[in-house]
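> Dropping a structure here in structure tokens format, bear with me for questions.
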Amino acid sequence: MKYTLLATLLLFGSQLFAQTHQDGDSLWNVSTVHEIHLNFTQPAYWDTLEDGYTNDYYTKCQVVLNGRVMDDVGAKFKGNSSYNNPSDKKSFKIDFNEFDSILDYDGIKKINLNNCFKDPTFMREKLALDFCRRQGILAPRCTYVRLYINSSYWGLYTLVEEVNAKFLTQRFNNNDGNLFKGDPSGDLKWLGATPSLYYNKYELDRTQTNDWSDLVHAIDVINNTPAANFQDSLPTVFDTWSVLKAAAFSNIFSNLDSYTGSGHNYYIYHDEDADIFRWIVWDVNEAFGNFQMNMNANTIQTIPYNYINQPANRPLLNNMFNNSVYHQDYINALCVMLSSDFTNDFMDPMIDSIANVIRPYVYADTHKFYTNQNFEDNINMAVTLPGPNGGITMPGLKSFITARRNSLMNQLSAFGCWLSVPDNSSNIAAFNQGPNPANENFTITPPGNEQYSYRVYNARGQWMASHENVYGSSTVSCRTWPNGIYFVEFITGNQRQSLKIVVTH
């Protein structure tokens, strides 16, 4: 089955079937490429921006976003490798509130404009963040914007939501807890009970007081709990499922500029209502195997399902993978993601749809890092580009999905993972379910009169409903289920196939 309807719905909107407007929906829940102008009056504004990057301050400018004129807005360069390159196409952080305490855009006070460095397709960040949000992984929203600087077209950028008080309120209904960023080197290793020992490894982005005791306590539990007590102790300080799902995402996408690989690029938020930390994905522009850590492109597509760079230096994941219960939960998370979204059948139409929308703006972008042919080629296949040591080979989006999924399917078969390659020629591929989205119930309709069984799981891999040895149509009640994405697994003979259904009330 081709997921063309759902692919269209997911092209730009990150929050499916929202029942009420949320702040920022006019940016991230509309199928359009936005237009933003940064107008600077300073004669040497570029020098000022460069100094602002070094000394961390904003430069005042006028912003025109989708025709709305806003004066006295703050702009500054951002990024690490995306900044430290010879191109004039720099990433920006825009703060509507920096010089005007009441200014915002649709309730949003800060946004990020990312320059798509190391991505000829312009789609890695967009596809990866949308995948996270479909899978219930805490992550910012992402769309596209055309940037103009003093009336000159500066290129196509991704427009990424800031993880800040607004983000926290929308996800947790509170924002008073500590928000730590795992930068520059947030490996979560135990350094001792003195908070100042952690100051140079993490950033405390939001707090009422400079109190690091919650982070120190969580790191203490991670590192110093006896193995026999680890399974029961870790949930007292961490939402373990948010950690495992983020780790599964990073592994599937070989997104190694993360806690799994480089040991940073994440947030953890102390949700005070639940009194636990929750994991938030951040900075995924090198997904699809572009952060290779001295591996080649072929190796990066076949890394082990439980890959951790320097396990002893990643104690949270290392200890969770060494616990049988958390290890199985992690495998279940991988299986659900691989059986649903991470397939060529689901993602290829989405990739093509996005490419068709952004292509004119990519071609017109004279500041971009790669050629138009690189853009076209890297959608489907690997491209090798000039650079040190023979250059870098960047996996193609579609070819990466094929290779990575096949590798993980082979690795996970030993654990009974119910993955299957979609077979559009078989009867099982002709199963149907609807309505989709569903409200009160949905009906499963087989292609013929053969006997079949079905099982329904939620996005956490938890069983919701099942029926064995069914003939004909079967109606499943979803009246009491929470809104979200569910997966229906069909079994007939020795074949298995999973389809997705969205429940919204």
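> Mind checking which residues of region 243-275 are at pLDDT below 95 and assigned to a strand (DSSP E or B)?
Passing the criteria: only Asp271.
> On to the next question. Looking at region 98-115, I want the residues that are without any contact (Cβ under 8 Å) to a residue 60 or more places away in the chain and have a partner that is open to solvent by 50 Å² or more (accessible area, probe 1.4 Å) with Cβ atoms under 7 Å, at least 6 apart or on another chain. Which pairs are those?
From region 98-115, the pairs are Phe99/Lys60; Phe99/Asp72; Asp100/Asp72; Lys109/Lys166.
> Scan region 368-379 residue by residue and report those that are surrounded by 15 or more Cβ atoms within 10 Å (Cβ to Cβ) and either without any contact (Cβ under 8 Å) to a residue 40 or more places away in the chain or assigned to a loop (DSSP other than H, G, I, E, B) (or both).
Within region 368-379, Lys368, Phe369, Tyr370, Glu376 qualify.
> Could you tell me which of the residues Gly155, Gly186 is at positive phi, more than 18 Å from the chain's Cα centre (by Cα) and at pLDDT 95 or above? Let's see the steps before the verdict.
Details: Gly186 fails: at positive phi.
Of Gly155, Gly186, the one residue that is at positive phi, more than 18 Å from the chain's Cα centre (by Cα) and at pLDDT 95 or above is Gly155.
> Looking only at residues that are out of contact with any strand residue (DSSP E or B) (no Cβ under 6 Å at 6 or more places or on another chain) and within 19 Å of Val362 (Cα to Cα) in region 83-95, which one is least open to solvent (accessible area, probe 1.4 Å)?
Ser87
> Additional query: Looking for whichever is at pLDDT below 95 and either open to solvent by less than 10 Å² (accessible area, probe 1.4 Å) or over 14 Å from Ile111 (Cα atoms) (or both) here; the options are Asn39, Asn80, Asn55. Which one fits?
On the way: Asn39 fails: at pLDDT below 95; Asn55 fails: at pLDDT below 95.
Exactly one of Asn39, Asn80, Asn55 is at pLDDT below 95 and either open to solvent by less than 10 Å² (accessible area, probe 1.4 Å) or over 14 Å from Ile111 (Cα atoms) (or both), namely Asn80.
> Do we have any residue at all in region 411-428 that's open to solvent by less than 80 Å² (accessible area, probe 1.4 Å), assigned to a helix (DSSP H, G or I), modelled with pLDDT under 85 and in contact with a strand residue (DSSP E or B) (Cβ under 9 Å, 6 or more places away or on another chain)? If you could, list the steps in order and put the result at the bottom.
From region 411-428, those open to solvent by less than 80 Å² (accessible area, probe 1.4 Å) are 411-413, 416-420, 422-423, 426, 428; that's our starting set.
This time we only want the ones that are assigned to a helix (DSSP H, G or I), so: 411-413, 428.
Among the residues that remain, those that are also modelled with pLDDT under 85 are: 428.
Going one step further and asking which of them are in contact with a strand residue (DSSP E or B) (Cβ under 9 Å, 6 or more places away or on another chain), we end up with 428.
Yes, region 411-428 contains at least one residue that is open to solvent by less than 80 Å² (accessible area, probe 1.4 Å), assigned to a helix (DSSP H, G or I), modelled with pLDDT under 85 and in contact with a strand residue (DSSP E or B) (Cβ under 9 Å, 6 or more places away or on another chain).
> Looking only at region 271-281, decide whether some residue is crowded, with 24+ Cβ neighbours inside 10 Å, closer than 21 Å to Asn319 by Cβ, out of contact with any strand residue (DSSP E or B) (no Cβ under 7 Å at 6 or more places or on another chain) and not hydroxyl-bearing (Ser, Thr, Tyr).
No: zero hits.
> Quick check on my filter: what residues within region 171-195 are open to solvent by less than 40 Å² (accessible area, probe 1.4 Å) and part of a loop (DSSP other than H, G, I, E, B)? Break it down into steps so the answer makes sense when it comes.
Of all residues in region 171-195, those open to solvent by less than 40 Å² (accessible area, probe 1.4 Å) come to 172, 174-175, 177-183, 186-188, 192.
Scanning region 171-195 gives Asn174, Asn175, Gly177, Asn178, Gly182, Asp183, Gly186, Asp187, Leu188, Gly192.
> Taking the condition more than 16 Å from Ile268 (Cα to Cα), open to solvent by less than 10 Å² (accessible area, probe 1.4 Å) and among the hydroxyl-bearing types (Ser, Thr, Tyr), does Tyr148 pass?
On the way: more than 16 Å from Ile268 (Cα to Cα): yes; open to solvent by less than 10 Å² (accessible area, probe 1.4 Å): no; among the hydroxyl-bearing types (Ser, Thr, Tyr): yes.
It is false that Tyr148 is more than 16 Å from Ile268 (Cα to Cα), open to solvent by less than 10 Å² (accessible area, probe 1.4 Å) and among the hydroxyl-bearing types (Ser, Thr, Tyr).
> Answer with yes or no whether Thr225 is under 30 Å from Leu412 (Cβ atoms), surrounded by fewer than 18 Cβ atoms within 10 Å (Cβ to Cβ) and among the β-branched types (Val, Ile, Thr). I'd like the intermediate steps shown before the answer.
Working: under 30 Å from Leu412 (Cβ atoms): yes; surrounded by fewer than 18 Cβ atoms within 10 Å (Cβ to Cβ): yes; among the β-branched types (Val, Ile, Thr): yes.
Criteria met by Thr225.
> Continuing with this model, one more query. Among residues belonging to region 387-410 that are farther than 30 Å from Tyr457 by Cβ and part of a loop (DSSP other than H, G, I, E, B), point out the one that is modelled with the highest pLDDT.
First pass over region 387-410, keeping only residues farther than 30 Å from Tyr457 by Cβ: 387-394, 396.
Those left that are additionally part of a loop (DSSP other than H, G, I, E, B): 387, 391, 396.
Details: Gly387: 70, Gly391: 78, Gly396: 98.
So, considering only residues that are farther than 30 Å from Tyr457 by Cβ and part of a loop (DSSP other than H, G, I, E, B), the one modelled with the highest pLDDT is Gly396.
> When you go through (1) over 23 Å from Gly136 (Cα atoms); (2) outside any loop (DSSP other than H, G, I, E, B) one by one for Asn210, which number turns out not to apply?
(2)
> Would you list the helices (runs of 4 or more DSSP H) that sit entirely within region 300-367 and hold 3 or more residues that are in contact with a Gly (Cβ under 7 Å, 6 or more places away or on another chain)?
324-339
> Residues that are within 25 Å of Tyr259 (Cβ to Cβ) and hydroxyl-bearing (Ser, Thr, Tyr): does region 186-194 have at least one? Outline the logic, then answer.
Here is the first cut: in region 186-194, the ones within 25 Å of Tyr259 (Cβ to Cβ) are 186-194.
Next, only the ones that are hydroxyl-bearing (Ser, Thr, Tyr) stay: 194.
For region 186-194, residues within 25 Å of Tyr259 (Cβ to Cβ) and hydroxyl-bearing (Ser, Thr, Tyr): present.
> Collect the residues in region 313-352 that are open to solvent by 30 Å² or more (accessible area, probe 1.4 Å), touching a helix residue (DSSP H, G or I) at 6+ places or on another chain (Cβ under 7 Å) and more than 20 Å from Ala128 (Cβ to Cβ), keeping them in residue-number order.
Result: Asn318, Asn319, Val325, His327, Asp329.
> Across region 96-124, what is the number of residues that are of a type outside the set (A, V, I, L, M), more than 24 Å from Ile392 (Cβ to Cβ) and open to solvent by 10 Å² or more (accessible area, probe 1.4 Å)?
Taking region 96-124 and keeping what is of a type outside the set (A, V, I, L, M), we get 96-101, 104-107, 109-110, 112, 114-122, 124.
Next cut, more than 24 Å from Ile392 (Cβ to Cβ) only: 96-101, 104-107, 109-110, 112.
In the following step, the residues that additionally are open to solvent by 10 Å² or more (accessible area, probe 1.4 Å) were identified as 97-101, 104-107, 109-110.
Summing the residues that are of a type outside the set (A, V, I, L, M), more than 24 Å from Ile392 (Cβ to Cβ) and open to solvent by 10 Å² or more (accessible area, probe 1.4 Å) in region 96-124 gives 11.
> Out of (1) open to solvent by less than 20 Å² (accessible area, probe 1.4 Å); (2) modelled with pLDDT under 95; (3) not small (Gly, Ala, Ser), the odd one out for Thr384 is which?
Exception for Thr384: condition (1).
The values are calculated or read from the model by the stated rules, or taken from the named source; none is laboratory data. Please read all numbers here as calculations on a predicted model, not as lab measurements. FYI the Cβ positions are ideal-geometry reconstructions off the backbone, even for glycines, and counts take in every protein chain you see. Heads up: the accessible areas ignore ligands, DNA and RNA and are worked out on the full protein's heavy atoms, side chains in. Shrake-Rupley method; radii C 1.70, N 1.55, O 1.52, S 1.80 Å.
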